[in-house]
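Working notes, structure below.
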Ligand SMILES: C[S@@+](CC[C@H](N)C(=O)[O-])C[C@H]1O[C@@H](n2cnc3c(N)ncnc32)[C@H](O)[C@@H]1O
């Protein structure tokens, strides 16, 4: 029976709009499973996925660092945006994850020289989503990942505009021995680089050694986990709205009472 931490005690701290929202519980559990000393994210935008990795590192007592790499200019799919996004992410990182989160405002290729080969435990590829861009990011950054390290690909189910992450990931599915795809949301691909030491972890075993039935169950579990988070978020919002209304109603009454008394 797989009953991950994300279902027991995960409350996302940074909630901003992003299609990454469907994968937060998995990100939380993955960090627990691999205890990454070095996380690198290519494509950060407003930081939903990045700060979930950071939150998971703190809450799972992982002694590591996370690098957020983005030009924070936008691209052909996000479209251009102004400095307010970067400023907000930088402030949030400073206020919540000092000593863990490091922002690198640069192009992915210019950041390469700062990382040694085999140094990255968890790489998340989420920049421009054309086939060519995803292939380039993967090819350039693959040597930086340690054997046994994990590479995530967002948007591997998105078949909109000229998105091509799905096509590149489909090719990897044909050749890579340890690879898994979550199909919900916009899709999340998970690849383990060959050559690592044996691991003894339930989530990693399910991802890379499970049979088709176990894979289906794992996919369903994370669909439910995402729905559960969303339902709880809506319930919290609703409760706050009701409380707010009550407070206003209460205030209104007491004002009336005061007025009545005075008149
Ligand atoms: C899809 S968004 C990232 C979404 C984010 N991971 C989330 O959780 O919502 C893609 C980001 O990649 C950045 N980007 C795209 N290509 C880039 C490149 N070659 N170098 C640096 N940043 C790039 C864009 O500026 C944009 O902010």
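If each of residue 237 and residue 132 carries a label point 7 Å out from its Cα toward its Cβ, how far apart are those two points in nm?
Distance between label points: 3.9 nm.
Students often get this wrong: which residues of segment 171-192 have the backbone nitrogen under 17 Å from the point 7 angstrom along Cα-to-C-beta of residue 223?
181-189
If we count other beta carbons within 10 Å of each Cβ, what is the order of 1, 157, 57, 15, fewest first?
Result, fewest neighbours first: 1, 15, 157, 57.
Any idea what the relative contact order of the chain is, in percent, if you count C-alpha pairs under 8 Å spaced at least 6 apart?
17 percent
Test of understanding: in a Gaussian network model of the chain with alpha carbons linked when under 10 Å, which of 84, 209, 35 would top the mean-square fluctuation ranking?
Of the options given, 84 has the highest mean-square fluctuation.
Where the centre of each part is set by its Cα atoms, how far does segment 73-110 sit from segment 41-72, in angstrom?
Measuring centre to centre over Cα atoms gives 11 Å.
In what sequence do 130, 52 fall when counting other Cβ within 10 Å, fewest first?
130, 52
Over the alpha carbons of the chain, what is the largest minus smallest coordinate on each principal axis, giving the biggest first in Å?
Projected onto its principal axes, the Cα set of the chain covers 82, 44, 39 Å.
Ignoring everything except DSSP H segments at least 4 long, calculate the 222 nm mean residue ellipticity for the chain; use -39,500 (n - 2.57) per segment, divide by total residues, nearest 500.
Calculated mean residue ellipticity at 222 nm is -15500 deg cm²/dmol.
Nearest 0.05, what FRET efficiency do residue 173 and residue 213 give at R0 = 30 Å with Cβ-Cβ as r?
Plugging the Cβ-Cβ distance into 1/(1 + (r/R0)^6) gives 0.95.
Compute the length gained on full extension between residue 199 and residue 79: take 0.36 nm times their separation in residues and subtract their Cα-Cα distance, giving the result in nm to one decimal.
Here the segment from residue 199 to residue 79 would lengthen by 39.1 nm.
Report the full-extension gain for the segment residue 230 to residue 58: residue separation times 0.36 nm, less the Cα-Cα distance, to one decimal in nm.
Full extension from residue 230 to residue 58 adds 59.7 nm.
No value in this document is a laboratory result; all are computed from the given coordinates. Just so it is clear, the structure is predicted and the values come from calculations on it, not from any experiment. Cβ atoms come from the backbone with ideal geometry, glycine included; neighbour counts cover every protein chain shown.
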